[in-house]
Amino acid sequence: MTAAEPVLKVSSLRMDFGGLRALDGVDLEIRRNEIVALVGPNGAGKTTFFDCLTGIITPTGGDIVIAPPGKESRRINGLAPNRITETGLARTFQTIRLFPGMTVLENVMIGRHCRLASGILGAVMRDRRTRAEEEKVVHDSYAVLEKLGLAACVNEPARNLPYGDQRRLEIARALATEPFLLLLDEPAAGMNPKETRELDELIVRLRATEKVSILLIEHDMKLVMNLSDRIYVLDYGRKIADGPPEQIRSDPKVIKAYLGE
């Protein structure tokens, strides 16, 4: 697969909730190793779009096709969330969804679950293969925490982490699933300027070191403009623009709907 080929292609995506059309024929494409942003005013349909991609809801119409590096393309509409995670899509959420009473390491180990070969019988019998796999899960999870600068708090309950580190831990858990595409839903929400700068650096580093494509929803337009290779803009469930940051910044439709004069 070349850098120009898409790892995700969304065509004419539509989502209806009763008489409300939340997404109206949205097209989007992400290429290998790209950082792409999805922006727009509140209620534009951004999180609904993520929910469709990750199987939380099934779209009313359209196609979602993935092409993981080295694998055949496939349509994932209607797959259960855990099956979609297994294909290589992982996400974080607007509201932090950690297991607060579990340790930092345990939270990341949960992310490794979709890559385990041992089934229920192995868990009950605790054979040598299962024990070896469990040891590898601990090792791999710790390695992810090292990459995100969280190894020092490996045994801390997640609830004890500062807010910015909790956001990092969510990203660590998503990375533990070994995604080819990482979906970040407002990762800078609630962060102070220092934490936001560190997040900017982290996302760029992850793209380089993990060879992962990234799609993010974000309201911090400075972060979006700094990070993104391309930007898609939604308004009332419709795509009103897409292109590189400099093009989006000066697009009259985007200025009117979202950026302001």
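Per residue, the chain exposes an accessible area of 49 Å² to a 1.4 Å probe, with every protein chain left in place.
The Cβ shell under 11 Å around residue 161 holds other residues with a net charge of 0, Lys and Arg each +1, Asp and Glu each -1. Per residue, the average separation of C-alpha pairs within less than 8 Å and at least 6 apart gives the chain a relative contact order of 27 percent. Rounded to the nearest 20 debye, the dipole size of segment 121-203 about its Cα centre is 300 debye, using +1 on the Cβ of Lys and Arg and -1 on the Cβ of Asp and Glu. Express the carbon and sulfur contribution to the solvent-accessible surface of segment 148-261 as a percent, rounded to the nearest whole number, probe 1.4 angstrom. Summing carbon and sulfur atoms, their accessible area is 49 percent of the total for segment 148-261. For the chain, the mean residue ellipticity at 222 nm estimated from helices alone is -10500 deg cm²/dmol, where every DSSP H run of n ≥ 4 contributes -39500 (n - 2.57) and the total is divided by all residues, rounded to the nearest 500.
The phi torsions of segment 57-73, fed into the Karplus equation with coefficients 6.51, -1.76 and 1.60 and a -60° offset, translate into couplings of 10, 9, x, 5, x, x, 10, 10, 10, 10, 9, x, x, x, 10, 6, 5 Hz, rounded to whole numbers, with Gly and Pro shown as x. Near residue 11: Cβ cut-off under 12 Å, other residues only, Lys/Arg at +1 and Asp/Glu at -1. The net charge is +1.
Set against the labelled values [x] 39; [y] 67; [z] 32, percent of Cα pairs over 29 Å apart computed from this structure falls on [z]. Near residue 76: Cβ cut-off under 14 Å, other residues only, Lys/Arg at +1 and Asp/Glu at -1. The net charge is +2. For segment 197-209, the Karplus equation 6.51 cos²θ - 1.76 cosθ + 1.60, evaluated at θ = phi - 60°, returns couplings of 4, 5, 5, 3, 5, 5, 5, 4, 5, 5, 4, 6, 8 Hz by residue, with Gly and Pro reported as x. In the context of the full protein assembly, residue 142 retains an accessible surface of approximately 90 Å², using a probe radius of 1.4 Å and ignoring ligands and nucleic acids.
In segment 29-91, Cα pairs under 8 Å separated by at least six residues give a relative contact order of 27 percent. Dipole magnitude for the chain: computed about the Cα centre from +1 point charges on Lys and Arg Cβ and -1 point charges on Asp and Glu Cβ, it is near 440 debye. Sorting 106, 178, 170 by accessible area puts them as 178, 106, 170; the probe is 1.4 Å, largest comes first, and only protein heavy atoms count. Taking the alpha-carbon centroid of each part, what is the distance from segment 34-73 to segment 98-112 in angstrom? Cα centroid to Cα centroid, the span is 26 Å. Distance from the Cα centroid of segment 192-261 to that of segment 162-191 is 16 Å (rounded to whole angstrom). Comparing mean-square fluctuations of 50, 99, 180 from a GNM of the chain with C-alpha springs under 10 Å, the top value falls on 99.
For residue 33, list long-range residues whose amide hydrogen, built 1.01 Å from N in the peptide plane, is under 5 Å from its own amide hydrogen. Excluding prolines and chain starts, which carry no amide H, the hits are 213.
Taking 155, 33, 77 in turn, the Gaussian network model of the chain (Cα-Cα springs below 10 Å) assigns the largest fluctuation to 155.
The values are calculated or read from the model by the stated rules, or taken from the named source; none is laboratory data. Everything numeric here is computed off the predicted structure, so don't read it as measured data. Glycine gets a Cβ as well: all are built from the backbone with ideal geometry, and neighbour counts include every protein chain shown. These area figures cover heavy atoms from the full protein model, side chains too; ligands, DNA and RNA do not enter into them. Shrake-Rupley method; radii C 1.70, N 1.55, O 1.52, S 1.80 Å.
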